[in-house]
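Each remark here refers to the structure printed beneath this line.
Every number in this text was worked out from the coordinates using simple rules, so none of it is lab data. These figures come from a predicted structure and were not determined experimentally. Note that we place each Cβ from the backbone using ideal geometry, even for glycine, and neighbour counts take in every protein chain shown.
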Amino acid sequence: MRPDTVHELKEPIFDRRQCVFEDLSLNLPLEASLAGMTLTFELPMSQADPIYLKDKAENILFEWGKPPSLSEVREVSRQYLG
C-alpha cells in the first residue's frame, strides 16, 4: 500500500535510545501533503511530546501538546488549506 504523502519521509532520529524526531506525515490528509505540509514529532528539552504541523517553508502552523487523533490532524490541516 502506498502512503498518502508526496514527501520523502525523513528517518527517525534517536539520542541515547530515545526518539527525538519522527516524521508523521503519513497521517496527513492527501490535500495537506500536496500543499507541502508536514507533520513531525520533535522532542524539545522543556516540553513533553509536541507534534508540529508545518508548511512548505518549515514554519509551524499548529502545535499539539499530546499526540492528536487522525480526525484532529485532518480538521486542523483543512483550516490551513483554505
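How much length would be gained if the chain were fully extended between residue 7 and residue 66, taking 0.36 nm per residue of separation minus their Cα-Cα distance, in nm to one decimal? Write down the numbers at each step before the final one.
Values: separation 59, 0.36 × 59 = 21.24 nm, distance 2.37 nm.
Between residue 7 and residue 66, full extension yields 18.9 nm more.
Given +1 on the Cβ of Lys and Arg, -1 on the Cβ of Asp and Glu, and no further charges, what dipole in debye does the chain carry about its Cα centre, rounded to the nearest 20?
With Lys and Arg at +1 and Asp and Glu at -1, about 80 debye.
Taking the chain as the reference, fit the longest principal axis to its C-alpha atoms, fit the long axis of helix 70-81 to the helix C-alpha atoms, and give the angle between the two in degrees, 0 to 90, nearest 10.
Once rounded, one gets 60 degrees.
How big is the chain by Rg and Dmax over its Cα atoms, in Å?
12.5, 41
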